[in-house]
């Protein structure tokens, strides 16, 4: 049933050209150079250190690596991270 | 996102969170809607972060739930500053005293200026002002308002026509207008009236003295018109001859007017450049680049910067380039003639006094040569031709 719903949503976003982040609760990531990264629709912090941050998402994890990380703001569904961002990686849970 | 700067008003604390899994503390805080920001890793299993002062009470519960220990590191913001100020009474009273002193000194009378009065009058006013209680060192708000002072001082000094009282900062300023008795004009030396130029007498108006000329009489320059010696021959009295003698003067003027004339007309387009000038240095402020006008008229405006009457080598400069267009005006022969007449009329009237009148004009000669119209006009002008000449003693 859950798979069915997801399939319907995906079909709708593809066919009706609706924004994917709204329809499917996907994270929306905004980066300003390597200085800032702003993530909406996250599901909590799994790991945070100076060099690494792992965020929980609906269907996996977001792994951000870099140097000198500082969480500037954190709200239930938004997070603003500052520092030198080297990589942003999507990790799918299998 | 909220501006974090606002939080300095309500106050916030820097805390250190230590635990086996401190990420849980961050997640719990966001779930419970606790404002938490500026999170950074301190050591391996501890974070430094900022929390609003209002949320500190709820912090303990969150910490217990997430199995973390909290240590307070720093207190920041207005509430803590206020607390500190209360403990340092000396500092606060010093600041308050300073403000109070400033206020009192700014409201004191520091100077009394009196303008427009003679020394004697000034002394009198100074005394009366002193009696009214306006003295150096008095507080302004304890003195009556300037309108009342003006009334009182005007009553006390009847010799002054008007005394204006204004407060300029810490100075009371008295502007005095003294009563002046009209002085008699000094008696003028006795004299004649003589002609300033060759003319035909048109009409005259003699106030004092006796006329020696008649209307329609031709006089040469320097001829006696009105004599200052009156009375019987041998027993003459010397008086100042006064009056106006109008004579008809002939005047010939030659004027040239070109048939084609170039005009510079401003189109209204302008390019302005503002700059600050320090010494001979020009620092542009606004309006860069050159203007793109083919013909332009440049206007320069410079204003020195002088605070408190000190002149500094700094000045503000504005250069305005107005676009101009050259226009050509072509006159016909007849038009050029009228223009020439107008021009020579204006020139003539400038040569004579304000009372001069042009009685008649006659074109003597006109010709067109080299694209120019040359006109010679004869004018008959009526003007005052009298001039005073003192009677030399022993004449």
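Of the numbered criteria (1) surrounded by fewer than 16 Cβ atoms within 10 Å (Cβ to Cβ); (2) in contact with a strand residue (DSSP E or B) (Cβ under 6 Å, 6 or more places away or on another chain); (3) more than 14 Å from every other protein chain (Cβ to nearest Cβ), the one residue A:85 fails is (1). When B:353, B:311 are checked against the criterion of being touching a strand residue (DSSP E or B) at 6+ places or on another chain (Cβ under 7 Å), closer than 30 Å to residue B:194 by Cα and outside any strand (DSSP E or B), a single residue qualifies: B:353. Restricting attention to segment A:55-64, does a residue exist that is in contact with a strand residue (DSSP E or B) (Cβ under 8 Å, 6 or more places away or on another chain), without any contact (Cβ under 8 Å) to a residue 24 or more places away in the chain and within 13 Å of another protein chain (Cβ to nearest Cβ)? For segment A:55-64, residues in contact with a strand residue (DSSP E or B) (Cβ under 8 Å, 6 or more places away or on another chain), without any contact (Cβ under 8 Å) to a residue 24 or more places away in the chain and within 13 Å of another protein chain (Cβ to nearest Cβ): present. Scanning segment B:146-168 for residues that are assigned to a loop (DSSP other than H, G, I, E, B) and either in contact with a strand residue (DSSP E or B) (Cβ under 9 Å, 6 or more places away or on another chain) or surrounded by 12 or more Cβ atoms within 10 Å (Cβ to Cβ) (or both) gives B:157, B:159.
Do we find a residue being surrounded by 13 or more Cβ atoms within 10 Å (Cβ to Cβ) and within 13 Å of another protein chain (Cβ to nearest Cβ) anywhere in segment A:11-20? No; the residues of segment A:11-20 include none that is surrounded by 13 or more Cβ atoms within 10 Å (Cβ to Cβ) and within 13 Å of another protein chain (Cβ to nearest Cβ). Taken as a whole, the condition of being within 23 Å of residue A:49 (Cβ to Cβ), within 11 Å of chain A (Cβ to nearest Cβ) and without any contact (Cβ under 8 Å) to a residue 60 or more places away in the chain does not apply to residue B:63. Considering the conditions (1) more than 45 Å from the chain's Cα centre (by Cα); (2) at pLDDT 80 or above, residue B:271 is excluded by exactly one of them, (1). Number of residues in segment B:27-48 that are touching a strand residue (DSSP E or B) at 6+ places or on another chain (Cβ under 7 Å) and more than 8 Å from chain A (Cβ to nearest Cβ): the value is 6.
Answer yes or no as to whether residue B:379 is in contact with a strand residue (DSSP E or B) (Cβ under 8 Å, 6 or more places away or on another chain) and over 30 Å from residue B:286 (Cβ atoms). It is true that residue B:379 is in contact with a strand residue (DSSP E or B) (Cβ under 8 Å, 6 or more places away or on another chain) and over 30 Å from residue B:286 (Cβ atoms). The single residue among B:192, B:203 that is exposed (fewer than 15 other Cβ atoms within 10 Å of the Cβ), part of a strand (DSSP E or B) and in contact with a strand residue (DSSP E or B) (Cβ under 9 Å, 6 or more places away or on another chain) turns out to be B:203. Considering only residues of segment B:3-25 that are under 48 Å from the mean Cα position of the chain (by Cα) and within 11 Å of chain A (Cβ to nearest Cβ), which is modelled with the lowest pLDDT? Filtering segment B:3-25 for residues that are under 48 Å from the mean Cα position of the chain (by Cα) and within 11 Å of chain A (Cβ to nearest Cβ), the one modelled with the lowest pLDDT comes out as B:3. Test residue B:71 against the stated conditions and say whether it is in a strand (DSSP E or B), surrounded by fewer than 19 Cβ atoms within 10 Å (Cβ to Cβ) and facing chain A (nearest Cβ under 9 Å). Here the answer is no, as residue B:71 does not meet what is asked. Check segment B:77-94 and report whether any residue there is modelled with pLDDT of 90 or more, outside any strand (DSSP E or B) and not assigned by TED's automatic domain parsing to the domain that holds residue B:13. Yes; the residues of segment B:77-94 include at least one that is modelled with pLDDT of 90 or more, outside any strand (DSSP E or B) and not assigned by TED's automatic domain parsing to the domain that holds residue B:13. Go through segment B:5-39 and count every residue that is farther than 20 Å from residue B:77 by Cα and either free of Cβ contacts under 8 Å to residues at least 24 places away in the same chain or surrounded by 16 or more Cβ atoms within 10 Å (Cβ to Cβ) (or both). Of the residues in that region, 14 qualify. Just a yes or no: is a residue in segment B:328-338 within 30 Å of residue B:204 (Cβ to Cβ) and either in contact (Cβ under 8 Å) with a residue 12 or more places away in the chain or over 24 Å from the mean Cα position of the chain (by Cα) (or both)? Looking for residues that are within 30 Å of residue B:204 (Cβ to Cβ) and either in contact (Cβ under 8 Å) with a residue 12 or more places away in the chain or over 24 Å from the mean Cα position of the chain (by Cα) (or both), one finds none in segment B:328-338, hence no. Does residue A:74 qualify as being within 13 Å of chain B (Cβ to nearest Cβ), in contact with a helix residue (DSSP H, G or I) (Cβ under 7 Å, 6 or more places away or on another chain) and either closer than 23 Å to residue B:42 by Cα or without any contact (Cβ under 8 Å) to a residue 12 or more places away in the chain (or both)? Yes: the conditions hold for residue A:74. Of the residues making up segment A:1-31, those that are in a loop (DSSP other than H, G, I, E, B) and over 17 Å from residue A:43 (Cα atoms) number 4.
The values are calculated or read from the model by the stated rules, or taken from the named source; none is laboratory data. These numbers come from a predicted model, not from an experiment. All Cβ positions, glycine included, derive from the backbone under ideal geometry; neighbour counts span all protein chains shown.
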